[in-house]
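Novice: This is the structure, below, for whatever I ask next.
The values are calculated or read from the model by the stated rules, or taken from the named source; none is laboratory data. In this text the structure is predicted, and so the values were computed from the model without any measurement. Cβ sites come from the backbone with ideal geometry, for glycine too, and all protein chains shown count toward neighbours. The area values use the complete protein model at the heavy-atom level, side chains included, leaving out ligands, DNA and RNA. Shrake-Rupley method; radii C 1.70, N 1.55, O 1.52, S 1.80 Å.
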Amino acid sequence: AQSVTQLGSHVSVSEGALVLLRCNYSSSVPPYLFWYVQYPNQGLQLLLKYTTGATLVKGINGFEAEFKKSETSFHLTKPSAHMSDAAEYFCAVSLNQAGTALIFGKGTTLSVSS
Amino acid sequence: KAGVTQTPRYLIKTRGQQVTLSCSPISGHRSVSWYQQTPGQGLQFLFEYFSETQRNKGNFPGRFSGRQFSNSRSEMNVSTLELGDSALYLCASSPLGAEVPPYEQYFGPGTRLTVT
């Protein structure tokens, strides 16, 4: 069965600092992996997705993630945090090729202080 | 284009009642997925519909059901409500076929269901 584990339910960084949100997955087939962000009182928005090919994936708002098969990880990073990055971040693995049946991790809340 | 719309946005029901939630996908999107979000369990996949057919189903009891209409609008129904059904119910639509999969899901703002 496919599953996702996000390490750390809450991460706090200072503005300008590196953001690192951790995600490990379990999948019996080559996975399709996603990072979604949820701002307060809003729906989820796709940050980036990994399918096949290049293991370093670039997304919106300066975020990127690296797929490491040997570590079954898909960590999300951003070199310099901005106040507007404060939100909840979800890592997900897809049950199907279409990406329309997602198994989400429990989420990581990112706080950014000035 | 208008985004995914969900109605109603807020709902209060009593234990034992049933409820129907509605989702209108982005124009042209034929896939609709439903998720339940709770503080304890997080985001959980309920089911997905495409061309009026349920294609995928999560691990929820039979009290949770859904359907999709020919115009791609979707409804989900929960019968015999329990206190634990209190949650934010999110609907997401996907274009399918417009590009190489997997596709981005576009989420609505959700329906907040409170069961008392």
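Novice: For Cα pairs less than 8 Å apart in space and 6+ apart in sequence, what is the mean separation divided by the residue count of chain B, i.e. the relative contact order in percent?
Specialist: Details: 288 pairs, mean separation 41.2, N = 116.
Here the relative contact order equals 36 percent.
Novice: Turning to a different aspect of this structure: What Rg and what Dmax come out for chain B when only alpha-carbon atoms are used, in angstroms?
Specialist: Radius of gyration, then largest Cα-Cα span, for chain B: 13.7, 44 Å.
Novice: With no solvent and one equal point scatterer per Cα, compute the Debye intensity ratio I(q)/I(0) for chain A at 0.18, 0.19, 0.22 Å⁻¹ and report its log10, rounded to two decimals.
Specialist: Debye output, listed in q order: -0.85, -0.94, -1.25.
Novice: Would you calculate the volume per residue, in Å³, of the smallest convex hull containing every Cα atom of the protein assembly as shown?
Specialist: Working: hull volume 28.6 nm³, N = 230.
Hull volume over Cα atoms, normalised by residue count, gives 124 Å³.
Novice: In sequence order, what are the phi-derived ³J(HN,Hα) couplings for region A:65-72 according to the Karplus relation 6.51 cos²θ - 1.76 cosθ + 1.60 with θ = phi - 60°, rounded to whole Hz, with x for glycine and proline?
Specialist: Once rounded to whole Hz, the list reads 9, 10, 8, 10, 5, 5, 9, 6.
Novice: How crowded by other chains is B:103-112, given as the mean number of beta carbons from other chains within 10 Å of each beta carbon?
Specialist: Values: counts 7, 7, 13, 4, 7, 3, 3, 5, 0, 0.
Partner-chain Cβ atoms within 10 Å, mean over residues of B:103-112: 5.
Novice: Roughly to the nearest percent, how much of the accessible area of region B:65-111 is carbon and sulfur, given a 1.4 Å probe?
Specialist: Values: 860 of 1750 Å².
Roughly 49 percent of what the probe reaches on region B:65-111 is carbon or sulfur.
Novice: Now, a different point. Going down the list A:K78/B:K13; A:K69/B:K57; A:K49/B:K13; A:K69/B:K1; A:K78/A:K106, which pairs span over 31 Å between their C-alpha atoms?
Specialist: A:K78/B:K13; A:K49/B:K13; A:K69/B:K1
Novice: Taking chain B as a Gaussian network, where each spring joins two C-alpha atoms under 10 Å apart, which residue of B:S70, B:S93, B:S33 fluctuates the most?
Specialist: Most flexible of the set in this elastic network: B:S70.
Novice: Counting only other chains, what is the mean number of Cβ atoms within 10 angstrom of the Cβ of each residue in peptide A:44-56? Numbers along the way, then the final one.
Specialist: Working: counts 10, 4, 5, 0, 0, 3, 1, 3, 0, 0, 0, 0, 0.
Averaged over the peptide's residues, the number is 2.
Novice: Run the accessible area of chain A with a 1.4 Å probe and give the carbon-and-sulfur part as a rounded percent.
Specialist: Numbers: 2700 of 5240 Å².
Its accessible area is 52 percent carbon and sulfur atoms.
Novice: What does the net charge come to around A:I60 if you take all other residues with beta carbon closer than 12 Å to its beta carbon, with K and R at +1 and D and E at -1? List each step's numbers first, then the result.
Specialist: Values: positive: A:K49, A:K58, A:K78; negative: A:E64, A:D85, B:E104.
Charge balance near A:I60 sits at 0.
Novice: Another question, then. How big is the shadow of the Cα convex hull of region B:59-116, averaged over all directions, in nm²?
Specialist: Values: hull surface 21.1 nm².
Dividing the Cα hull surface by four gives the mean projection, 5.3 nm².
Novice: Let me ask something additional. How much solvent-accessible surface does A:M83 expose, in Å² to the nearest 10, with a 1.4 Å probe and all protein chains in place?
Specialist: Its accessible surface works out to 80 Å², give or take rounding.
Novice: Now, a different point. Would you work out the relative contact order for chain A, in percent, from Cα pairs under 8 angstrom that are 6 or more residues apart?
Specialist: Values: 286 pairs, mean separation 42.0, N = 114.
Contact order relative to length: 37 percent.
Novice: Given a 10 angstrom Cα cut-off, can you work out which residue in B:Y103, B:Y89, B:Y35 is the most mobile in a GNM of chain B?
Specialist: B:Y103
Novice: Using a 1.4 Å probe, what is the accessible area per residue for chain A, in Å²?
Specialist: With all protein chains present, chain A gives 46 Å² per residue.
Novice: Could you derive backbone 3J(HN,Hα) for region B:56-73 from the dihedral phi with the Karplus parameters 6.51, -1.76 and 1.60 (θ = phi - 60°), listing whole Hz in sequence and x where the residue is Gly or Pro?
Specialist: Karplus-based 3J(HN,Hα) across region B:56-73 equals 9, 9, x, 9, 10, x, x, 5, 9, 9, x, 7, 10, 9, 5, 8, 6, 4 Hz.
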